[in-house]
Amino acid sequence: MNSVLKLLLEGEALDTAQIGRILGLGADAVERELAELRAQGVLLGMRPVLNPSFEAESRVRAVIEIKLRPEGLGGFDGIAERISAFEQVESCHLMSGGYDLLVVVTADNLYKVAGFVHERLARIEGVQGTSTHFFLRAYKRDGFVVSADGSRRDRPSVSP
Amino acid sequence: MDDSARFVARHVASLPKSGIRDFFAIVSKMKDAVSLGIGEPDFVTPFHIREAAMNALEKGRTSYTDNRGTLQLREEISRYVAQNYGPEYRPDDEILVTIGVSEALDILLRSTLNPGDKVLYHEPCYVSYAPSVALCHAEAVPVRTTATDQFALDPAALRAAWKPGCKLLVLNFPTNPTGGTADRAKLLEIARFAVEKDLLVASDEIYSELTFEGEHVSIASLPGMRERTVFLHGFSKAFAMTGFRVGYACGPAAVIDGMLKVHQYGIMCASIVSQEAAVEALRNGRDSVLHMRDKYRERRDFVVRRFNELGLPCHSPRGAFYAFPSVAGTGLDSLEFARRLLEERKVAVVPGTAFGEAGAGFCRASFSTSYERIHEACERIARFLDDVRRG
């Protein structure tokens, strides 16, 4: 794997100058690598992982299970791409099992999620049924434990 | 007024305090210090190993075990050591499970040394060697290793340091604090010397899985050495299990039996929960070890390159997770360097002299920490060196 990418995936908050120094490349070379990864469609973007309770006290997040009729326009892909185009949609995956699409949405409040489901999703041809679940509390997100206190607190800062 | 000091034994009172304690006291009060002083893995114990400990508790496995450790663990140790290091040890009477490798070394010294016996070991070395020897009323005979040899033990220096009364030779490769290793050729020479002088050898191989380049050779695997070597190892470093406190000794039955006596009266047995976790580590921990080793190697490459760029000459350690740069070029001695760096730029490193006089002119910087911290520490060291050079 590309060394810049490998380092980014470790999840430390490093800027390109720091990455350059760590890998012995220089910041310019790191910028070029990142541009290349974007151009290749490997790297879609980068954003910080926030503690959900801090992120926005007024935002709600829900996961929606969607059942599809396969004969819809463009098949599953066509419907999934249409749903993905909504800005409320954070992620959208085709699933195996009891439903077909798993969609995560965020909105300012519960009513806006409800509106999205009833007025947008339900109107899409090929959507057969939905089941919406609201997130209550996050314990771990994108590999980061949300309240990461405790585990290493007693580790001595100097030891033999 | 507390005058209870008069009750403390002379040979204990005369032991120097660990040089590391002083720094710990200062750093622990500082809010924004960056510490490269940590002598343990930056990783939490791999999950499957923690799970084995949880299972042990859930199943109510909370009793004492056999003094030697559970048979299951001794069998796994026997298999693991044969597979990775060569020599075969019988689980019944040639393996003893201890509270970390520290206890294993301590009881080996206590069960083999008579007052006045002499113990050879290479310096710079782990902080407990000389004090543990002194606690046995024995005499420590350090052999200096140098940066030009990448802190490998030079057999000629060992021969020169030898004197009548030397009974035991303590080896630790890869070495804390230098990352020094010894190749097969050097170990063969050292082994021949040990046979010639009829020395018992204690080989502390706690960092052996963290060997980055070249093969790790255990002296116990060399001709004529199994019968005079006690192989000491543990789980702390390779499996990131420092807090579990579990290690082991493998050696000839009579020596292990002597150690067992000290162990059973002083300790009874290692924690059963830790022993259960250790079994899991030996059975299924290989991938985690290799993963962590790769992370250490990447960090090593970065920190060694940075130190050299900054003008602190530093060899690339072939094992363990410590860089050992020379600070002599700054005009400061190790202690002054470490103290000023901590006070002025809030970076903690350990002065080389904490690991013996041979560490003078060096500092130990652990790279068992995040890139962010290593990077920040190096930036601060750069500013510190500018200040020192400007006077």
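Some points to look at:
- Condition check for B:V127: at pLDDT 95 or above and in the same structural domain as B:V141 (by TED's automatic domain parsing): no
- When A:E36 is tested against (1) on the phi < 0 side of the Ramachandran plot; (2) within 14 Å of chain B (Cβ to nearest Cβ), just one condition goes unmet, and that condition is (2).
- Failed item in (1) closer than 30 Å to B:E76 by Cα; (2) among the small types (G, A, S); (3) under 18 Å from the mean Cα position of the chain (by Cα), with B:A281 passing the rest: (3)
- Extreme residue, farthest from B:C314 (Cα to Cα), among residues of the stretch B:343-358 that are within 13 Å of another protein chain (Cβ to nearest Cβ) and surrounded by fewer than 24 Cβ atoms within 10 Å (Cβ to Cβ): B:K346
- The residues listed here are B:A82, B:A130; of these, the one that is of a type in the set (G, A, S) and within 14 Å of another protein chain (Cβ to nearest Cβ) is B:A130.
- The combined condition, being within 12 Å of chain A (Cβ to nearest Cβ), in a helix (DSSP H, G or I) and within 21 Å of A:S159 (Cβ to Cβ), is fulfilled by B:E376.
- If the condition is being farther than 30 Å from B:I20 by Cβ, assigned to a helix (DSSP H, G or I) and charged (D, E, K, R), then the stretch B:147-198 contributes B:R159, B:R184, B:E189, B:R192, B:E196.
- Any hit, the stretch B:47-60, residues being more than 21 Å from B:S236 (Cα to Cα) and part of a helix (DSSP H, G or I): yes
- Among residues of the stretch B:1-39, those that are more than 10 Å from chain A (Cβ to nearest Cβ) and aromatic (F, W, Y), counted: 1
- Looking across B:A160, B:A134, B:A140, one residue alone is over 26 Å from B:Y296 (Cβ atoms) and in contact with a Pro (Cβ under 9 Å, 6 or more places away or on another chain). It is B:A140.
The values are calculated or read from the model by the stated rules, or taken from the named source; none is laboratory data. This is a predicted model, so every value here is computed, not measured. We place every Cβ from the backbone using ideal geometry, glycine too, and count neighbours over all the protein chains shown.
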